[in-house]
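First the structure, in the form of structure tokens, and then the observations on it.
We did not get these values from a lab; they are worked out from the coordinates using the rules stated. Note that the coordinates shown come from a computational prediction; the quantities given were computed from them, not determined experimentally. So basically every Cβ, Gly included, is an ideal-geometry build from the backbone, and we count neighbours across all protein chains shown.
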Amino acid sequence: MPTLIGLLTLTNQILTSAIVILGFSLLLYSLTHNLRERVARAFSLLLGFVVVVYLGDVGAGLVADPTQVMLWLRFQWIGIAFVPAAYLHLSDALLATTNDRSARRRVAARLAYLVSALFLAAALFTNWVVDGVVFPPSPALATAPHLDAGPLFWLFTLYFYITVGWGAYNLYRARERSLTPTMRRRMTYLLAASAAPAAGVYPYMLVASYDAFRTPTLFWLVSIAGNLAVAAMLTVMAYVVAYFGVLTPDRVVRARLVKFLVRGPFVATVTLVAVIAVRRTTSILGLPSDIASLFTMVAVILLLQWAIVLFKPALERLLYFEERAEMRRIQKLEDRLLTTRDLHQFLESVLAAVCEQVRAPSAFVAAITETGPRLEVTVGHLPPPGALPPLAEWGAPQANGNGQPALSSEREVGLEEGAPSGPALRPQGDLFLWDGYWLVPLHNMAGTTLLGVLGVAVPAQAGELSPDSLQALRTLAAQAAMALEDRLLQQDVFAAVEGLLPSIEALQRRRGAAQYGGADLLTSDDILKDPDYVQFVRDALNHYWGGPKLAESPLLRLKVVEQALQENDGNAVRALRSVLLQAIERLKPEGQQKLTAGEWILYNILEMKFLQGRRVRDIAMRLAMSESDLYRKQRIAIESVARAIAEMEQAAQRQLEQEPGAGRRPEQRV
């Protein structure tokens, strides 16, 4: 029986450590992906307090000195005291997502944090809530010490269960107010799993005794079952909360979370189990257990990463089971996209093959761009030509006798009257000779557009190319032309996708609103009512001179931005930048600018921080104020800009309502 007790004790310690790993990992995930969402922030607090509780359990079970045990058990109360408040905070945030917002509940949640802080102070510095350490009477329970209950512990218990009960009632109301089947199902999961924090952190041993368990085996079995349930419920809670406040589709959120759990907590937990198992042995193949555990850790991590990569396709098929056909097409497109580096590597291979076929010392490919010909890739030992031929003036090709595109006029070969001075471009069979290079024009597959030119340095003592060499050169040139055409097509696709991004983001936001009961957001296209409107303005100002928060800003949907498109050549980003500038200029006082005058402070901050890009320290010194005061006034300035944009938007909407054909969207490009 001692062997069984030892196994159960070890299993419980591993599970407790696994909960710490899992909770901390989920906390990092929540902080990384949707920290701006109130539900995610509340859940992060709750996770942090749960991690503290279980970390205290791990520490108290590993030390033997009573003083250190006392420190760990009192440290544990940082989590125990605050879990009820965090639970109530989370329930209020979830209920608010269903448009049931209450100022009284928010005040109650803040008061709960205050009460928890008072109980924590009493637990850390007095014996009113908890008293000295109680050690188990049986050696089989030696790793399960606890604190004795103080005279006010009953008051904490009353506060704990009243607060948790109120939070559970709020979660039930949130479930009942959910509009869609998907959201109702997730709220059901959350309501069931939310018992984990309360059930896992309450110090039951302060009101129970070891005598309540007939045998140590029963005690450890109950503890193991409880830890397994807590780990599972925390994972379910994190799964549900991961969907709040994100604009990405559900399939992306689900896949991202599962991959994170597999690569993070799963790998860490399995590694921990393997290391503990090795360290309990005396030696392995003559190696001390400490050295063997290091090798085991490295081997387990590498093997698990290899297994994850090996089974990744199967895992993705499972995650995308209902959308597997569409996801297969998306993944195929992602795998076959041609980046600029991919294009250059392919063209280098083509040019190397060209040089080998015609025994040329060097070759190059030039492409036609909006700014003129551009050298893409060169190979060989000779430097590329210093100036490229006037490719854009070659015109549309005609077919030669072999059915290949050819240039066939004096204008096209640079022999027309008034042609620019420089090396002459002369036909030589199916090729063109220019400045010591054979040139092959590269056209699209339809043969209607000149994409670029392939140049091959003429070898010394070169004669006419053999038919085989000429055919190989044509084939390789066709492959180079196909690569350039594919790159242009992809650029068109990317431009179209970038233009759709604001609409896609709006659609994803409304999809989330439909799930969480956001009727106002669904029935209104007014971004001014969005709770993150001021944050959108702040993000756009931070990226005023360029960046994703400007190019992908929801503010691009504003009517005032649409009206500014015509003045900015249809460029939506420039239109938004001009609207931001107008809003800032509205805050500019009359008269001569003064750095430290009170009425100029907000405008000066906006001008120096966002328009001039100065550092915070420099701005504070020039305006003769502290950095903390600068941050406070900067927040006020940004809110003022948001109000100015709101006034401009309302004026634009009134103007559109008065004009015929209102609502027509101007053509825009991003």
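Remarks
- Scanning residues 5 or more positions from residue 428 or on other chains, those with amide H under 5 Å from its amide H are 433, with H placed 1.01 Å from N in the peptide plane.
- Rounded, prolate or oblate (a/c below 1.5 giving rounded, otherwise prolate when a/b exceeds b/c) for region 2-247 by Cα gyration tensor: prolate
- Furthest towards positive pole of dipole, 571, 528, 540, structure part region 527-658, Cβ charges: 540
- Region 437-451 residues near the modelled residue 369 label - backbone nitrogen below 16 Å, point 7 Å along Cα→Cβ: 451
- Between residue 217 and residue 352, the contour length at 0.36 nm per residue exceeds the Cα-Cα span by 41.2 nm.
- Distances between placed amide hydrogens fall under 5 Å for residue 146 paired with 134, all partners being 5 or more residues away or on another chain.
- Extension gain, residue 643 to residue 254, is 136.3 nm, computed as 0.36 nm per intervening residue step minus the present C-alpha separation.
- FRET efficiency, residue 100 to residue 188 (Cβ-Cβ, R0 22 Å, nearest 0.05): 0.80
- Prolate/oblate/rounded call for region 594-637, Cα gyration tensor, a/c under 1.5 rounded: rounded
- 19 Å Cα-Cα threshold exceeded, pairs from 594/633; 609/633; 559/609: 559/609
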